[in-house]
């Protein structure tokens, strides 16, 4: 269904997103005549986070013992979904920093290069990296890892993962977080 709905999805994203960096990325992709499939698909997956702006918040206790609330940004959502770095060494450094942090590293996509020119595409899971030639095949594997191992989606990008789950895989689970925007976008795509 991805190929069938690609153009309609791009049109909906183009009509609705307001984030300047995502708009710029989308417009440059739309204006390029000979864009590769990986470029087009990586761009759509990246700017989906501006369509499904994160609404989840995380509470934590600061060094003084006070409770604090952190609202996730579009960038937070994108970074939990796809790690993009110019070199494989930079990806390793990012993963090392995340590993040393308090949050576990959940399965995610890794892109060496840029969204517009991915030179290597991988899926990260349990300290292993699996190489793919297609961003769509990598996304498919990442999604299946979440479900095979019963892993919760990252809070930062939960709306994007739920959209992928409901629209592309037609899976509804009893513990899914309700999201009216996902329902609305899916009905527009059908």
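The values are calculated or read from the model by the stated rules, or taken from the named source; none is laboratory data. The structure presented is a predicted model; accordingly, all values stated were derived computationally and were not measured. Please note: Cβ atoms are built from the backbone with ideal geometry, for glycine as well, and neighbour counts cover all protein chains shown.
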Quick check on the range 52-60. Is at least one of its residues in a helix (DSSP H, G or I) and either touching a strand residue (DSSP E or B) at 6+ places or on another chain (Cβ under 6 Å) or modelled with pLDDT under 95 (or both)? no
Determine if the range 122-129 includes at least one residue that is touching a residue at least 12 places away in the same chain (Cβ under 8 Å), assigned to a helix (DSSP H, G or I) and either more than 29 Å from residue 185 (Cα to Cα) or in contact with a strand residue (DSSP E or B) (Cβ under 9 Å, 6 or more places away or on another chain) (or both). no
Give the residues of the range 70-105 that are at pLDDT 95 or above and assigned to a loop (DSSP other than H, G, I, E, B), sorted by residue number. 86, 87
How many residues of the range 132-158 are outside any helix (DSSP H, G or I), free of Cβ contacts under 8 Å to residues at least 12 places away in the same chain and within 22 Å of residue 35 (Cβ to Cβ)? The answer is 1
Residue tally, condition free of Cβ contacts under 8 Å to residues at least 60 places away in the same chain, within 12 Å of residue 108 (Cβ to Cβ) and under 13 Å from the mean Cα position of the chain (by Cα), over the range 62-98: 3
Report yes if residue 10 is within 15 Å of the chain's Cα centre (by Cα) and surrounded by 14 or more Cβ atoms within 10 Å (Cβ to Cβ), otherwise no. no
Just give me the residues in the range 52-69 being more than 28 Å from residue 10 (Cβ to Cβ) and surrounded by 12 or more Cβ atoms within 10 Å (Cβ to Cβ), in sequence order. 58
Which residues, counting only those in the range 19-51, are touching a helix residue (DSSP H, G or I) at 6+ places or on another chain (Cβ under 7 Å) and in a loop (DSSP other than H, G, I, E, B)? 19, 35
When residues of the range 118-156 are limited to those that are within 16 Å of residue 43 (Cβ to Cβ) and in contact with a helix residue (DSSP H, G or I) (Cβ under 7 Å, 6 or more places away or on another chain), the one surrounded by the fewest Cβ atoms within 10 Å (Cβ to Cβ): 134
Sort out which residues of the range 159-184 are surrounded by fewer than 18 Cβ atoms within 10 Å (Cβ to Cβ) and in a helix (DSSP H, G or I), and write them in order of number. 168, 180, 181, 183, 184
Using beta carbons and a limit of 7 Å, which pairs, at least six apart or on different chains, have the first residue in the range 1-27 and on the phi < 0 side of the Ramachandran plot and touching a residue at least 60 places away in the same chain (Cβ under 8 Å) and the second one surrounded by 14 or more Cβ atoms within 10 Å (Cβ to Cβ) and part of a loop (DSSP other than H, G, I, E, B)? 25/115
